[in-house]
Amino acid sequence: MSLDKMEVGRRYSKALFELVEDDADQLKQTYQELQALRQVFTDNPALVRALTGVDIPYQDKKAIVEDLKQGASQYVANLVQMTFDYGRIGDMVAIIDEFGRRYDEQQKRVRADVVTAVKLDATRRDRLIDALKDRFGAKEVILKETVDPTILGGVIIKTANQTLDGSLSSKIEQIRRLLVK
């Protein structure tokens, strides 16, 4: 039975996280190295095809893997090598994303996509961050802001676990549905 990317990401990231979580410095270093490695994979979409395809000789693939491991800690180097050896290098971004989710959870960090009709000023942004800290018990909130005038007003907040829709357009739609009943 073949595992999907999410399951592979969960298993590999859990194993790596459990290896490094007791040493705060190693955990932070591993997180930072993985974020840099993720950037390499996202900046070079052909990299996975090169490492998993048949167009490049095996020795050349091994050289690319060695380049990816260059300067990495033993943990990250082992992860790169193991995913290559077991044919899971194509799941690397999923593994890194899941490790990042675990890291954020451990650090009590919440990432939120925020959609508003107009750009938030500093005061409103700070109030929103404080409200999200209280709601999720977070020490830190990282906002990714988007302006979408079609929501008319209010705010839509998406986190990894839930969506909070306080937009005026959704409230109008709710009223419309009630009137149609």
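The values are calculated or read from the model by the stated rules, or taken from the named source; none is laboratory data. Keep in mind it's a predicted model, so treat the numbers as computed, not measured. As a convention, Cβ positions derive from the backbone with ideal geometry for all residues, glycine included, and neighbour counts pool all protein chains shown.
Within the set of pairs 6 or more residues apart or between chains, which connect a residue that is under 25 Å from Asp113 (Cβ atoms) inside the range 165-181 to a residue that is assigned to a helix (DSSP H, G or I) and of a type in the set (D, E, K, R) with Cβ atoms less than 9 Å apart?
Every condition considered, the pairs that remain are Asp165/Lys171.
Which one of Ala131, Ala72, Ala112, Ala160 is assigned to a loop (DSSP other than H, G, I, E, B), at pLDDT below 95 and among the aliphatic types (A, V, I, L, M)?
The conditions single out Ala160.
It is to be established whether one or more residues within the range 162-176 are more than 30 Å from Glu105 (Cβ to Cβ) and surrounded by 14 or more Cβ atoms within 10 Å (Cβ to Cβ).
Yes, the range 162-176 contains a residue that is more than 30 Å from Glu105 (Cβ to Cβ) and surrounded by 14 or more Cβ atoms within 10 Å (Cβ to Cβ).
Looking at Glu173, Glu140, Glu98, Glu145, which is the one that is outside the structural domain of Gln26 (by TED's automatic domain parsing), within 22 Å of Thr30 (Cα to Cα) and either modelled with pLDDT under 95 or touching a helix residue (DSSP H, G or I) at 6+ places or on another chain (Cβ under 9 Å) (or both)?
Within the list Glu173, Glu140, Glu98, Glu145, the selection yields Glu140.
Of all the helices (runs of 4 or more DSSP H) wholly in the range 1-66, which have at least 1 residues that are within 16 Å of the chain's Cα centre (by Cα) and of a type in the set (Phe, Trp, Tyr)?
Once the helices (runs of 4 or more DSSP H) in the range 1-66 are filtered for at least 1 residues that are within 16 Å of the chain's Cα centre (by Cα) and of a type in the set (Phe, Trp, Tyr), what remains is 5-20, 24-43.
Asp126 - would you say it is surrounded by fewer than 11 Cβ atoms within 10 Å (Cβ to Cβ), among the acidic types (Asp, Glu) and at pLDDT 85 or above?
No, not satisfied.
How many residues, within the range 12-23, are exposed (fewer than 15 other Cβ atoms within 10 Å of the Cβ) and not small (Gly, Ala, Ser)?
So the answer is 5.
Sort out which residues of the range 138-156 are of a type in the set (A, V, I, L, M) and not in a loop (DSSP other than H, G, I, E, B), and write them in order of number.
Correct list: Val141, Ile142, Leu143, Val147, Ile151, Val155, Ile156.
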